[in-house]
1. Out of curiosity, is L166 of a type in the set (A, V, I, L, M), surrounded by 24 or more Cβ atoms within 10 Å (Cβ to Cβ) and on the phi < 0 side of the Ramachandran plot?
2. Given the conditions (1) touching a residue at least 40 places away in the same chain (Cβ under 8 Å); (2) more than 14 Å from the ligand (Cβ to nearest atom), which single one is not true for P105?
3. Looking only at the range 169-182, filter to residues that are in contact (Cβ under 8 Å) with a residue 60 or more places away in the chain and out of contact with any Leu (no Cβ under 6 Å at 6 or more places or on another chain); which one of those is surrounded by the fewest Cβ atoms within 10 Å (Cβ to Cβ)?
4. If we scan the range 130-138, do we find a residue that is buried (at least 17 other Cβ atoms within 10 Å of the Cβ) and of a type outside the set (S, T, N, Q)?
5. I need the full set of residues from the range 80-102 which are surrounded by fewer than 20 Cβ atoms within 10 Å (Cβ to Cβ) and either of a type in the set (V, I, T) or within 11 Å of the ligand (Cβ to nearest atom) (or both), in order please.
6. Could you please find all residues in the range 62-95 being outside any helix (DSSP H, G or I) and in contact with a strand residue (DSSP E or B) (Cβ under 6 Å, 6 or more places away or on another chain)?
7. Out of (1) over 26 Å from V58 (Cα atoms); (2) modelled with pLDDT under 95, the odd one out for I269 is which?
8. Looking at the range 108-126, which of the residues that are part of a helix (DSSP H, G or I) and away from the ligand (no atom under 12 Å from the Cβ) is modelled with the highest pLDDT?
Amino acid sequence: MVVLSKPSPLKQDFTIKTSKQHGNTCVVNGSIPVIDLSKSDAKTLLVNACEEHGFFKVINHGIPMDLMNKLESEAVKFFKLPQSEKDKAAPADGPFGYGNKKIGPNGDVGWIEYLLFNTNNLDSGFSKLLNSSNETPEVFRSLLNNYIELVKKLGCLVLELLADGLKIEPRNTLSRLLEDEESDSFFRLNHYPPCPVNSRDVVGFGEHTDPQTISVLRSNNTSGLEIADIKNGSWIPVPSDQNSFFIIVGDSLQVMTNGRFKSVTHRVIQNSMKSRVSMIYFGGPPLRQNIAPLPAMLSRGKESLYKEFTWSEYKKSAYKSRLADNRLCNFEKQ
Ligand code: GA4
C-alpha cells in the first residue's frame with residue numbers, strides 16, 4: 001500500500017454538512033447493483049438501477065486493468081512530488097490543473113488534492129503539469145489519453161444500453177453528446193491522503209450531485225465513497241473494487257429522462273490509514289446543447305418537469321453554487 005505525503009493543513013474545518021434532504025445514518029448492508037455488461041439482460045438492469053439508485057457497478061467492462069494501474073501509478077508519482085512542485089501546476093484562472101483542498105470557486109474544501117482536465121483539451125490542465133518536476137510527462141499524457149478514450153467508450157456503451165432499455169431512438173441519442181467533438185467532458189484524478197483527524201466530521205469530498213450526464217469512476221482499494229439512498233437519504237457505503245467501474249447518474253440525465261432516472265447525492269469520507277486514489281470521467285454535453293426531457297420520455301401527454309436551458313446555462317449556475325446545493329431546483333417548473 002502506498003502512503004503519500006500529506007498536504008499542508010488548512011485553517012478551515014472539514015465538516016460534513018448534514019443536509020435537510022439526506023440524513024447521515026449509515027446503512028452498512030445497503031445494496032449496490034452490480035451489472036455484468038456482457039449479459040443480455042444488462043439494458044433492463046441498467047434502467048432499473050438508474051431509477052432505483054442512480055448508481056451501479058459494472059463488471060466485464062473490457063478496460064484493461066494494466067492501463068488503470070499504470071495511470072494510477074503516474075498519478076501517485078505526481079501526488080508524491082513536493083508541495084511546491086505540485087503548486088506549480090495550479091491554475092492561474094479556471095478550474096483545470098492541480099488543486100489542493102479547495103473544491104470549486106465558492107469556499108468548499110475537502111481533505112483532497114486533485115488534477116482536473118477538460119477531455120477535449122487535455123493541455124488546458126496538462127500544460128501546467130509541465131511546470132512541475134514531473135520526470136515522465138509524455139508517459140503520463142499518453143496514459144491519460146488512452147484511458148480517457150476507453151472510459152468515454154464505456155460511458156457511451158452504458159448510455160446506448162440505457163437508450164435501448166428506454167426504447168429511445170436512435171440509440172446514440174445520449175452517447176452522441178459525449179462523442180461530440182465539442183463535448184464538455186472532464187476528467188479528474190483525486191488523491192485523498194490518510195487523514196490524521198479520526199472523526200466522521202472530516203470530509204474528503206462533501207456531498208453533491210454531478211451536473212453532467214453520467215460519471216465513470218474507478219478507485220484503488222481504499223473505501224470512502226458513500227451514496228445517499230434515493231428513497232430515505234441514508235448513507236450507503238460503497239465497498240471499493242479496483243477492478244470495476246462505478247457509474248453515477250448526473251443532473252443532466254435526470255432532466256433528459258424527465259426525472260425517471262435519479263441524479264444521486266454522493267460524498268467521500270476520509271480514511272485515517274490509507275490513501276484513496278480515484279479517477280473519474282464526467283460525460284458532459286456540448287455547451288450549446290439544450291438539456292430537456294427527450295420526446296420518448298414525454299409520451300402519453302406527460303409534461304416536462306423542467307424549464308428549458310442549455311448546458312452552458314446550467315454550468316454557469318453550477319459554478320455559482322456551493323457543493324451541497326440542489327442545483328436542479330432553479331430549473332424545475334413550479
Ligand atoms: C462536481 C462534479 C465534478 O467533480 C466537477 C465539480 C466542480 C469542481 O470541482 O470544479 C464543482 C462541482 C462538480 C459542482 C458544483 C461546482 C462545480 C465544484 C462546485 C462547487 C468537476 C463538476 O463538474 O461539478
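The values are calculated or read from the model by the stated rules, or taken from the named source; none is laboratory data. Computed from a prediction, not measured in an experiment: that's the story for all the values here. Virtual Cβ from ideal backbone geometry, glycine too; neighbours counted across all protein chains shown.
1. On the way: of a type in the set (A, V, I, L, M): yes; surrounded by 24 or more Cβ atoms within 10 Å (Cβ to Cβ): no; on the phi < 0 side of the Ramachandran plot: yes.
Spelling it out, it is not the case that L166 is of a type in the set (A, V, I, L, M), surrounded by 24 or more Cβ atoms within 10 Å (Cβ to Cβ) and on the phi < 0 side of the Ramachandran plot.
2. (2)
3. Step one: of the range 169-182, the residues in contact (Cβ under 8 Å) with a residue 60 or more places away in the chain are 169, 173-174, 177-178, 180-182.
Applying the additional criterion that residues be out of contact with any Leu (no Cβ under 6 Å at 6 or more places or on another chain) yields 169, 173, 177-178, 180-182.
Details: E169: 12, T173: 18, L177: 27, L178: 26, D180: 16, E181: 6, E182: 11.
Ranking the candidates gives E181 first.
4. Of all residues in the range 130-138, those buried (at least 17 other Cβ atoms within 10 Å of the Cβ) come to 132, 134.
Next, only the ones that are of a type outside the set (S, T, N, Q) stay: none.
No; the residues of the range 130-138 include none that is buried (at least 17 other Cβ atoms within 10 Å of the Cβ) and of a type outside the set (S, T, N, Q).
5. Result: P91, G94, P95, K102.
6. So the first thing to find is which residues in the range 62-95 are outside any helix (DSSP H, G or I), and the list is 62-64, 80-82, 88-95.
A89, A90, P91, P95 - these are the residues of the range 62-95 that are outside any helix (DSSP H, G or I) and in contact with a strand residue (DSSP E or B) (Cβ under 6 Å, 6 or more places away or on another chain).
7. Here I269 meets the rest and fails (1).
8. Filtering the range 108-126 down to residues part of a helix (DSSP H, G or I) leaves 123-126.
From what is left, the residues that are away from the ligand (no atom under 12 Å from the Cβ) are 123-124, 126.
Details: D123: 84, S124: 78, F126: 77.
Looking at residues that are part of a helix (DSSP H, G or I) and away from the ligand (no atom under 12 Å from the Cβ), I get D123.
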